[in-house]
Every structure is written in structure tokens, then in C-alpha cells.
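Below: one structure, written as C-alpha cells.
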Amino acid sequence: HPSNHQMEESSILKRAECRAKGGAPGFKVAILGAAGGIGQPLSLLMKMNPLVSVLHLYDVVNTPGVTADISHMDTGAVVKGFLGQQQLESALTGMDLIIIPAGVPRKPGMTRDDLFNINAGIVKTICEGIAKCCPNAIVNLISNPVNSTVPIAAEVFKKAGTYDPKKLLGVTMLDVVRANTFVAEVLGVDPRDVDVPVVGGHAGVTILPLLSQVKPPCSFTAEETEYLTKRIQDGGTEVVQAKAGAGSATLSMAYAAVKFADACLRGLRGDAGIVECAFVSSAVTELPFFASKVRLGRAGAEEIYQLGPLNEYERVGLEKAKKELAASIQKGISFIRK
Ligand code: NAI
């Protein structure tokens, strides 16, 4: 009988909510843009993360389907869907970590900056919600152009009086994941054993792999350095071209986003020695934002590491990166201050 069925469902939902509220150990995570190309596999992987007790899936389309689907997975996190702007605030309230892959991706021939006009507005709206509903949450910002959307988010939070630079992190993990993979190929080793710092920003020449600091220690010829640097910088474009109009990296990005979110959650839990690269408010260069290694802890990015010794090739790359980064950062700031 349908009404009995409904009754049963609502009492079960209440139990799930009780479990969600009743201090089930773990963190509360919201994914904004959860129905998208990145959002769906990212939601799947976060539902599998044992550190997550509650998972909120928000999008302006299609969240009921994605939520119903993901909620059948027999893992611990309680999943709840939110559809449309009028549910943004409920999606955000009480969350510890917000992951944002909302916005349009690139098509062949586009730069990440070409996405600015659409994605800047989306990020602004979402960040106004965060400032109001969960100002203490850690924010992982994926929406491109990251070099501009992170400054936009910072300006929105400043305006609202909630800005904590330690808690705003632009996600550059995919550049690190790609760098580890491509370097491992050249070295003929398992990528899990390789650690490549990637600094600067997240677009073209602003992506600066520090191949002189690869672990385990190794050295590359000039040709290898040139090949690896270019391939890491153009990794996103490689995928955009292969997808031929169907979007940009989604699966490897979801993997990278979860790797980064998991590091943030372990930091929040109080684990020691959690270090990853991210695009953050920074005093490492003269620019107000820069990607480098950061130590993640209970307060977010608790320590930001200096770049360390660079070789000549990297010093030249750094100058190029800073020039483009400065303009992208300014563009983001002006979008809010104008
Ligand atoms: P997609 O178009 O497949 O999905 C985006 C989702 O965002 C859609 O479901 C859409 O409905 C949703 N959305 C649009 N406006 C929204 C709003 N106001 N609030 C909430 N959700 C909204 O795009 P895809 O491939 O998932 O990429 C998402 C973003 O991630 C793009 O900006 C892309 O450039 C960026 N990206 C960033 C990377 C990085 O390394 N940081 C790597 C790859 C992509």
C-alpha cells in the first residue's frame, strides 16, 4: 500500500537523520555541483570515505537521481540531496568541509580563463552561502579558473567578515597527480612511489612542477625536463582535446579531489604531518595567492612551506608563472570590488 510505504520511508529517513545528528563519528561534507562530470564520481568516492559521516549533494539540476543512486551504497555516510538555489543554505548548514566543482568546463580551444564570466558568478553565489551558513568550514575550490576563483572567494568572505585564509584552498592536486604519473613513466617506477611538488597556480605556465625536488631524488636531462614540464602544464588540454567537446578531466579530477579532501579531513582529525600542494593565501612570493606545499591541520592550511632551492629552468618558469598569476588574481579581486 503506497501510504504505508511512504510512512515506512519517512521513519527510516528519520532514523538515518538521527544517526547523522547523533554524533556518528566522522565529518560532514557537502559537494556543490554534485551532479556534474566531476561531481558524480567525486560523490561516489566520498561516500566510500570512512572519515565522512554525512554527505550533502547539492546541484541546480539532477541531484535527486544522483542522491538516490549513491545512497544505496552500503558505506557509512548518510547521503542527502539538495536541489536548486533555494536549498543551498540547508545543504551548507553544519558542514565541516565544502567541495566545489560547480561551473562549466572547457571545450577544445578554450583556456581556463574563458570560463571566468560564467564561473565567477557561480562561485560568488556559493561563497555568499558559505559565509552565511558555515563560515568555519574548510573550502576546497575546484571551479576554474582557480587562479581567479580563489581570490573571488576570499573577497566574498572578507566582505562578509568571515575570511579565514587558512580555510580557503584552491585544488591543484590534479597537477600533482599528473606530475607523479608522468615522472614515474619517465623513471620507469610505480607512480605511488613518486612525489613531485607543483607550485604556482592552476593554468598553463602558472603550473610549475619542481622537477629538481622530486622524491625519490633523481635527475632529468634538459629534454626530459622540457617534455615533463610541458606535459604537466598541458595535461588538462590533453584531456579536453581527447574528449573533443564533451568536457574536461572529470574522473582523474574526482580522484585528485578525493585525495585532497581526504588529506584535509585527516588534518581536521588532528593527524600529524599531512602535507599537500594547494593554491592558498601566501607570503611565499610577492603575490597574495600562490600554490605550494601546505601542512593541513585542525585549522586548515596551518603552515605554508617556502619553495626551496630552484634550478635555473625553474627560476625562469617562476617569473613567467608570477606574471600570468598576478593578472588572474587581480581579475578575480576586481570582479568583487568593482
Ligand atoms: P560539468 O558541467 O560536468 O558539471 C558542473 C556542474 O555544476 C553541473 O552539474 C551544473 O549543474 C553545476 N552547476 C552549475 N551552476 C551551479 C550552481 N550555481 N550551483 C551549483 N551547481 C552548479 O563540469 P565538470 O566537468 O564537472 O567541471 C566543473 C568545474 O571544475 C569546471 O569549472 C572545470 O573547469 C573545473 N575543473 C577544475 C579542475 C582543477 O584541477 N581544479 C580540473 C578539471 C575541471
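Quick notes on this one:
- Residue list for the range 189-214, filter: within 15 Å of the ligand (Cβ to nearest atom) and small (G, A, S): G200, G201, A203, G204
- In the set (1) under 27 Å from E226 (Cβ atoms); (2) within 16 Å of the ligand (Cβ to nearest atom), the condition left unmet by L251 is number (1).
- Residue list for the range 128-145, filter: away from the ligand (no atom under 11 Å from the Cβ) and in contact with a His (Cβ under 9 Å, 6 or more places away or on another chain): none
- Matching residues in the range 269-316 - criterion: being among the hydroxyl-bearing types (S, T, Y), buried (at least 17 other Cβ atoms within 10 Å of the Cβ) and either within 27 Å of E226 (Cα to Cα) or touching a residue at least 40 places away in the same chain (Cβ under 8 Å) (or both): S281, T285, S292
- Pairs with Cβ under 8 Å, 6+ apart, first in the range 235-260 and free of Cβ contacts under 8 Å to residues at least 40 places away in the same chain, second in a helix (DSSP H, G or I) and more than 9 Å from the ligand (Cβ to nearest atom): E238/R231
- Taken together, I38, I70 contain a single residue that is more than 21 Å from E89 (Cα to Cα), at pLDDT 95 or above and within 9 Å of the ligand (Cβ to nearest atom), which is I38.
- Residue check, A77 small (G, A, S), within 16 Å of the ligand (Cβ to nearest atom) and either touching a helix residue (DSSP H, G or I) at 6+ places or on another chain (Cβ under 8 Å) or free of Cβ contacts under 8 Å to residues at least 12 places away in the same chain (or both): no
- Hey, L88 closer than 30 Å to G297 by Cβ, part of a helix (DSSP H, G or I), at pLDDT 95 or above and near the ligand (Cβ under 9 Å from one of its atoms) or not: yes
- Of all residues in the range 92-121, those satisfying the criterion of being within 11 Å of the ligand (Cβ to nearest atom), in a loop (DSSP other than H, G, I, E, B) and of a type outside the set (K, R) are P101, A102, G103, V104, P105, M110, T111.
- Only a single criterion out of (1) under 20 Å from G300 (Cα atoms); (2) within 14 Å of the ligand (Cβ to nearest atom); (3) touching a residue at least 60 places away in the same chain (Cβ under 8 Å) is not satisfied by K166, namely (2).
- Answer from P135, P101, P108 - the residue that is out of contact with any strand residue (DSSP E or B) (no Cβ under 9 Å at 6 or more places or on another chain), touching a residue at least 60 places away in the same chain (Cβ under 8 Å) and either within 27 Å of G26 (Cβ to Cβ) or of a type outside the set (S, T, N, Q) (or both): P108
- Check on A291, over 16 Å from L208 (Cα atoms), hydrophobic (A, V, I, L, M, F, W, C) and in contact with a strand residue (DSSP E or B) (Cβ under 6 Å, 6 or more places away or on another chain): no
- Positions within the range 142-168 being within 14 Å of the chain's Cα centre (by Cα), closer than 16 Å to I333 by Cα and not small (G, A, S), in sequence order: N144, P145, V146, N147, T149, V150, L168
- Top-ranked residue in the range 190-213 [being touching a Pro at 6+ places or on another chain (Cβ under 8 Å) and farther than 24 Å from N147 by Cβ; ranked as surrounded by the fewest Cβ atoms within 10 Å (Cβ to Cβ)]: D193
The values are calculated or read from the model by the stated rules, or taken from the named source; none is laboratory data. These numbers come from a predicted model, not from an experiment. Reconstructed Cβ throughout: ideal geometry from the backbone, glycine too, with neighbour counts over all protein chains shown.
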